[in-house]
1. Of all residues in the stretch 111-127, count the ones that are under 30 Å from VAL78 (Cα atoms), within 21 Å of the chain's Cα centre (by Cα) and surrounded by 13 or more Cβ atoms within 10 Å (Cβ to Cβ).
2. Enumerate the pairs (first residue in the stretch 1-30 and at pLDDT below 70 and in a helix (DSSP H, G or I); second residue anywhere and open to solvent by less than 70 Å² (accessible area, probe 1.4 Å) and of a type in the set (Gly, Ala, Ser)) with beta-carbon separation below 6 Å, excluding pairs fewer than 6 apart on the same chain, so at least 6 apart or on different chains.
3. Does any residue of the stretch 36-54 turn out to be assigned to a loop (DSSP other than H, G, I, E, B) and either in contact (Cβ under 8 Å) with a residue 24 or more places away in the chain or closer than 21 Å to LEU272 by Cα (or both)?
4. Would a scan of the stretch 138-148 turn up a residue that is over 22 Å from PRO186 (Cα atoms) and in a strand (DSSP E or B)?
5. Does the stretch 245-256 contain at least one residue that is in a strand (DSSP E or B), open to solvent by 70 Å² or more (accessible area, probe 1.4 Å) and not β-branched (Val, Ile, Thr)?
6. Considering each of ALA87, ALA66, ALA57 in turn, give the residue that is assigned to a strand (DSSP E or B) and not aromatic (Phe, Trp, Tyr).
7. Given the conditions (1) part of a helix (DSSP H, G or I); (2) touching a residue at least 60 places away in the same chain (Cβ under 8 Å); (3) more than 30 Å from THR154 (Cα to Cα); (4) not β-branched (Val, Ile, Thr), which single one is not true for SER230?
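The values are calculated or read from the model by the stated rules, or taken from the named source; none is laboratory data. Source: prediction; values computed, not measured. Cβ: placed from backbone, ideal geometry, glycine included. Neighbour counts: every protein chain shown. Heads up: the accessible areas ignore ligands, DNA and RNA and are worked out on the full protein's heavy atoms, side chains in. Shrake-Rupley method; radii C 1.70, N 1.55, O 1.52, S 1.80 Å.
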Amino acid sequence: MNGLSLKRRRDIRQQRMQFAAVLVTVVLGVMMFGASYDAYENLSISYNSTYDRLAFADVTVTGGDAGLVDSLRGLDGVAEVASREQADVPIKVGEDVFLGRVVSIPAGEQPAVNQLDVVGGAYPGQGATAQGLAETHMAEQFKLAPGDSVSVLTVSGWQDIELSGEVVSPEYLWPARSNQQFFEPPGDFGVVFATPDMVQAVDQSLVLEQSLVLYETGADRGALDAAVSSAAADHGTSDVLVQADQPSNKGLNLDVTGFQQMAVFFPAMFLLVAGLAAYTLLTRVVYSQRSIIGTLRA
């Protein structure tokens, strides 16, 4: 062992607590960065994989005339266009009544766009009527299970919807009614995906006709957003909502962005403190051994 190595070991042994503190701080900073940034990446990938798996709509168009769907399907880069109806109507669960949302789904098959992940029960079978699926936040809030029923206010009064299952929807990973009503108190909002006959039974003045547009993989999103908006305007639509502005997706993106900033900031703070501590420790060692250093250099 040469003299320099021996001296270094003796210095570390003499000030072992200070060296240990710096080492622990550096290790904590690296561990925090690895854990938090990996968690951020996993969260982002999880959301995106769910959107891809369930064919989350790139654009939701509300209103329009009969030629809208064909016009949208004719655009280069559009993979699929699906139609549906949606209505915000009073829903009753037991003694609780609130303004919820009923969304039409085809019986016997998943919709082509904005598919549903059935996490309990089963999807309504072919030819089913007065059946529906409870969105998972609503099911958890009211302890709903397959076989239970909820009531929807129709033009002829309250009508029961038998729930065949519980689902996760890419539209409601964050259960927001709209961008203006982003934070809904628990129990004040819920979504039921029901067979078309239930949407047809409610007050038709409350029903919105919607076209869901799904882009091809790798398509130029900016150019297609503009093309879809232009086609929608030509057919007299009332609203065009791109995926970036969809309430749930917008909220989750804000959450992920905030998480990313924290995943970098806190580990950086630990590493900065570790750097300052190491600088202070080495400076003290140098100043305390100036005479030795001078002698050895001479």
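1. 8
2. Sorted first by the residue in the stretch 1-30, then by its partner, the list stays empty.
3. Among the residues of the stretch 36-54, at least one is assigned to a loop (DSSP other than H, G, I, E, B) and either in contact (Cβ under 8 Å) with a residue 24 or more places away in the chain or closer than 21 Å to LEU272 by Cα (or both), which makes the answer yes.
4. Checking the stretch 138-148: not a single residue is over 22 Å from PRO186 (Cα atoms) and in a strand (DSSP E or B).
5. Taking every residue of the stretch 245-256 in turn, none turns out to be in a strand (DSSP E or B), open to solvent by 70 Å² or more (accessible area, probe 1.4 Å) and not β-branched (Val, Ile, Thr).
6. ALA87
7. Single failed check for SER230: (2).
Residue-wise test of (1) part of a loop (DSSP other than H, G, I, E, B); (2) of a type outside the set (A, V, I, L, M); (3) more than 21 Å from the chain's Cα centre (by Cα).
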position: VAL192; (1), (2), (3): no, no, no
position: ASP197; (1), (2), (3): no, yes, yes
position: GLN200; (1), (2), (3): no, yes, yes
position: LEU212; (1), (2), (3): no, no, no
position: THR217; (1), (2), (3): yes, yes, no
